[in-house]
Amino acid sequence: MSEKVSIIIVNYNGKHHLEECLDSIAEQTYGNIQTVLVDNASKDGSCELLQSKYPWVKLIRERKNHGFCGGNNTGVRHADGELIFLLNNDTRLEQGCVQALVDEIHTKNDKCIGIFPKVKFYSEPNLFNAYGVVWNYQNHWRDNRMGLLDNGKFDHSYKVFGSIFAAVMFKKELFLKIGGFDELYFTYGEDFDVSYRAALAGYDFYTAPKSVVYHKFRSSAKDDKKPSWSTYFLIRNYLLCFVLNYEAKNLVLRLPLVFKKYYIPASKWYMSMKGGSGRLLHARIFFFYLFNIFRILRKR
């Protein structure tokens, strides 16, 4: 019998996304799937929808919002599969998506920790949302595929540094071995951190060209109707990833470039906001590091 795949979905007031996502899971050609949905204290009827229409979904109801990181860590703890497929709730899978991921991961060696499908824009299904990123000291986490036409040039599997975690399949054992998600991130930037830690541990990610996911890009940020909160987490967490993972020498050498690239432009944006809200967000980043400095140092 084929090995079990546990699909893990974290949901927070995403009822309007769930039916299309779950229906596409139900239509998968791969037969041995467990679906785990971790609900971060939604108030929009998400849990009631699952209980009435999708009883085959294993529902974990949290009493508070633990974010993308905490929710996925909870989901992994409740997952029975040897392979875990982390999936955003605002996605739709092609029918052969899971089968293609499983087939591809079995062609790789023991150093392969995870596989990325082709993630395409839901509204522009011929264009890439993400299909792996490159990393270097100058440009850092950079997606060279976003917005490109899927014209047949990317129909082979290749090694990548990482990709956005709208959809990613992990070998559960190796995911846990590198520590899973760091819940200090809460949301945003956690994909950069996990990919970086996987690389430091000597593991590799690959792409799966026959596996396709359609993603409603940034829909969760739009649903929240507070665009500044996503900018806060992105800037805060990108800085956090460098601070946690750079060795001391690189931290001294590279941190000025990091601040110039991320923090200074964000600071200007914050200061341009009306009503003092930008200054408040700017202060939140400062106080986050002030109050968590010893926790961050212990993690290093």
Within segment 92-103, of all residues that are surrounded by fewer than 24 Cβ atoms within 10 Å (Cβ to Cβ) and not aliphatic (A, V, I, L, M), the one farthest from Ala208 (Cα to Cα) is Arg92
Residue list for segment 158-196, filter: over 15 Å from the mean Cα position of the chain (by Cα) and over 18 Å from Phe85 (Cα atoms): Tyr158, Lys159
Residues of segment 1-10 being farther than 13 Å from Thr35 by Cα and touching a residue at least 60 places away in the same chain (Cβ under 8 Å), in sequence order, are Ser2, Glu3
Does segment 104-113 contain at least one residue that is at pLDDT 95 or above, assigned to a strand (DSSP E or B), within 27 Å of Glu183 (Cβ to Cβ) and open to solvent by less than 20 Å² (accessible area, probe 1.4 Å)? yes
Can you list the helices (runs of 4 or more DSSP H) found entirely within segment 1-102 that contain at least 3 residues being in contact with a Phe, Trp or Tyr (Cβ under 9 Å, 6 or more places away or on another chain) and modelled with pLDDT of 95 or more? 15-26, 67-77
The residue that is most open to solvent (accessible area, probe 1.4 Å), considering only those in segment 29-41 that are under 20 Å from Val76 (Cβ atoms) and touching a helix residue (DSSP H, G or I) at 6+ places or on another chain (Cβ under 8 Å), is Ile33
Of the residues that sit in segment 123-167 and are open to solvent by 60 Å² or more (accessible area, probe 1.4 Å) and touching a Pro at 6+ places or on another chain (Cβ under 7 Å), which one is farthest from Tyr214 (Cα to Cα)? His156
Odd one out for Ile164, checked against (1) modelled with pLDDT of 95 or more; (2) aliphatic (A, V, I, L, M); (3) closer than 21 Å to Tyr12 by Cβ: (1)
Out of everything in segment 180-238 that is modelled with pLDDT of 95 or more and of a type in the set (Asp, Glu), what residue ends up being most open to solvent (accessible area, probe 1.4 Å)? Glu183
Please tell me if Gln95 is in contact with a Cys (Cβ under 7 Å, 6 or more places away or on another chain) and under 23 Å from Phe128 (Cα atoms). no
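The values are calculated or read from the model by the stated rules, or taken from the named source; none is laboratory data. Because the structure is a prediction, the values reported are computed rather than measured. As a convention, Cβ positions derive from the backbone with ideal geometry for all residues, glycine included, and neighbour counts pool all protein chains shown. Note: accessible area is taken over every heavy atom of the protein model, side chains too, but ligands, DNA and RNA are not part of it. Shrake-Rupley method; radii C 1.70, N 1.55, O 1.52, S 1.80 Å.
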